[in-house]
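What follows is a single structure, written as structure tokens, with notes after it.
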Amino acid sequence: MACCNGNSVRILAIIPAFNEERSLPAVVAGLRRAAPALDLCVVDDGSTDRTAEVARGLGVTLLRNPVNLGIGGAVQAGYLWARDHGHDVAVQVDGDGQHDASFLPALVEPIAAGRAGLVVGSRFAGVPTAEGFRSTRLRRAGIRYLSWLLRLRCGARVTDPTSGFRAAGRAAILLFAGSYPPDYPEPESIAVAARGGVVVAEVPVMMTERLHGASSINAWRTFYYLVKVSLALLLLPTRRAARQAGGAASTAPAAGATARPGGGA
Amino acid sequence: MIGHGLIPIELQVVSVAVLALFLLWVLQLVRTQRLSLRDSLVWVVSTALAAVLALFPGLLVWLSRALGFQVPSNALFGAAVLYLAVNVLVNTVTGSQSAARLRRVTQECALLRAEMEALKAKRGDGPPP
């Protein structure tokens, strides 16, 4: 496969950013250290601070949403860019500095090797350690529940479905460009990929608490999050709707697709 | 008007007058292009139906008996609530569709802006990348 010759893999880092002028330089520097050949794409989702100017100064591709779309719409803009510019792998990295760029090669490796089409960076996979940021006890219980529901609904085994640190191969890029959940998209998008025939894998990563500002998900919204995502997973699109979304995505060249059938049913 | 004494003539006159005013309002919205003709049809038809029932209340009595309602007005309220609920649901669907379209247009706009800036930078006539 064209995407799997090691060095020739074209990788795009998608960095959704809403008012992240303070975190952005460190995030971009970390990614450049981890993978110098990486293409970088900051999606400024209607920020009211100097996020756009900061991104321009860093010399990255800047996608500027004229209005705020929320995390799902912002990330999808990045997947559209990856689709249009022929990237083999797109890696999502939060603009707030929670994700450690040194794990990027580990995220990309299973895709480059053709073993997976979507790789989720998990705080809970592998050997349990006390290191890194692993969220509160209550939230971990919610995460375990979502993990169970996801496995039940589409067969994907992911221990950290809320993780926004992930890598998508060409087939998943095309799927996500066509159809991506607009809000709280992380668990649902795994289902979109699995239902689309993409093999989902996970690798252990460590996360840190955000550098600046507050998380967009406060305790008050956790309940809404669980209800919304549960409903979304119970009401996964019919095969016809999924095919239509896939049809929209397939207008772009599908070279180097890493998806294999049988990812789940 | 054929009330057969089922409802007072005054009430009938007021009902028809209100419906006529409502219909005029809808038509005015279409004429000033604040409401599309397509979207106005459901309002025109439902207003016309209500007017038929106001003019011939015997129809409502017959219909509600046939369906087993004890009081005809209950049939009317039930039908009205159901009709409004359907209307609101249709509006919500329209809102969802509009949001999805707006999302895609916004993304397309961001992509085009980035492509344009890249082109400008390549030609050397834009601000530094």
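Worth pointing out:
- For chain B, the membrane-span-like helices by this rule, meaning whole DSSP H stretches whose C-alpha atoms cover at least 30 Å of axis and whose Kyte-Doolittle mean is 0.5 or above, are B:9-31; this says nothing about an actual membrane.
- Sites A:Leu236 and B:Leu41 - FRET efficiency at Förster radius 41 Å, r taken between beta-carbons, to 0.05: 0.75
- Spacing of the two label points (7 Å from each Cα toward its C-beta) at A:Val227 and B:Lys122, in nm: 5.0
- Two-site label geometry, B:Gln28 and B:Val93: point separation in nm, points 7 Å out along Cα→Cβ: 3.1
- Inter-chain Cβ neighbour average for residues A:81-93, partner chain, 10 Å: 1
- Cα gyration tensor, the stretch B:38-88 - rounded (a/c under 1.5), prolate or oblate: oblate
- Under-5 Å amide H pairs with A:Ser122, H placed in peptide plane, nonlocal only: A:Val203, A:Val205
- Residue among A:Ala13, A:Leu38, A:Leu104 farthest towards the positive dipole end of the stretch A:1-112, charges placed on Cβ: A:Leu38
- Ranking B:Ala79, B:Val105, B:Leu53 by how far each Cα lies toward the positive end of the dipole of the stretch B:3-116 (charges on Cβ) leaves B:Val105 at the top.
- Computed about its Cα centre, the charge dipole of the stretch B:13-129 is approximately 240 debye, with only Lys, Arg, Asp and Glu carrying charge at their Cβ.
- Under the simplified labelling scheme, the B:Leu6-B:Ala85 pair shows an inter-label distance of 2.5 nm, with each label point 7 Å from Cα along Cα→Cβ.
- Residues whose amide H falls under 5 Å from that of A:Leu63, counting only those 5 or more places apart or on a different chain, are A:Val42, A:Val43, A:Asp44, with hydrogens built in the peptide plane.
Every read-out reported here was derived from the displayed coordinates using simple, explicitly stated rules and does not represent laboratory data. Just so it is clear, the model here is predicted, and its values are computed rather than measured. Heads up, the Cβs are rebuilt from the backbone with ideal geometry, glycines too, and the neighbour counts pull from every protein chain shown.
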